[in-house]
Amino acid sequence: MAPKKAKRRAAAEGGSSNVFSMFDQTQIQEFKEAFTVIDQNRDGIIDKEDLRDTFGAMGRLNVKNEELESMIKEASGPINFTVFLTMFGEKLKGADPEDVIMSAFKVLDPDGKGTIKKQFLEELLSTQCDRFTPEEVKNMWHAFPPDVAGNVDYKNICYVITHGEDKEGE
């Protein structure tokens, strides 16, 4: 059991080494302040009792053990600040993995060119499912301008959705 736990901890720590690049310094400081508030016993790890105490401080008493355990189990190991930040990063991104998003775009690109016509994508985004407003469409073209032929590089869009920054900006 112990080796398995150590592997999970190592994976969590190793997998989150780039988590600090997901946020700017102000955001990291705000997360640090939130972590400090939740880490009621100041041991550097958020555990079930810290969560119970935090809920109590907010006026929510009688929180069920199952609810607290469910929250703790969302982490792959002990919740130190890096794990806490990683968890928030994953929740805030709320995006599917890059390959899933890429596959969705590839359905719209039967020739496999890596691009989609701007007009076609705009029509889909403004008429299907969670429809984009004209302002959202405008913001998208500002962030991902099509080339002179009216093609949109969906590979770059996928990268930005999943990594938070433009490939070319790195």
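The values are calculated or read from the model by the stated rules, or taken from the named source; none is laboratory data. It should be emphasised that the depicted structure is a prediction, and the values quoted were computed from it without experimental measurement. Heads up, the Cβs are rebuilt from the backbone with ideal geometry, glycines too, and the neighbour counts pull from every protein chain shown. All accessible areas refer to the heavy atoms of the entire protein, side chains included, with ligands and DNA or RNA removed. Shrake-Rupley method; radii C 1.70, N 1.55, O 1.52, S 1.80 Å.
So that you can scan it fast, the table gives a plain yes or no per residue for (1) at pLDDT 90 or above; (2) under 18 Å from residue 37 (Cβ atoms); (3) of a type in the set (Gly, Ala, Ser):
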site	(1), (2), (3)
60	no, yes, no
94	no, no, yes
97	no, no, no
113	yes, no, no
147	yes, no, no
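The single residue among 86, 36, 82 that is touching a residue at least 40 places away in the same chain (Cβ under 8 Å) and surrounded by fewer than 17 Cβ atoms within 10 Å (Cβ to Cβ) turns out to be 82. Restricting to segment 97-140, give me the number of residues that are within 21 Å of the chain's Cα centre (by Cα) and open to solvent by 90 Å² or more (accessible area, probe 1.4 Å). Qualifying residue count, segment 97-140: 2. Apart from one condition, residue 29 fits all of (1) open to solvent by 90 Å² or more (accessible area, probe 1.4 Å); (2) of a type outside the set (Val, Ile, Thr); (3) touching a residue at least 12 places away in the same chain (Cβ under 8 Å); the exception is (3).
Scanning segment 151-160 for residues that are open to solvent by less than 40 Å² (accessible area, probe 1.4 Å) and either touching a Ser or Thr at 6+ places or on another chain (Cβ under 9 Å) or assigned to a strand (DSSP E or B) (or both) returns 151, 152, 154.
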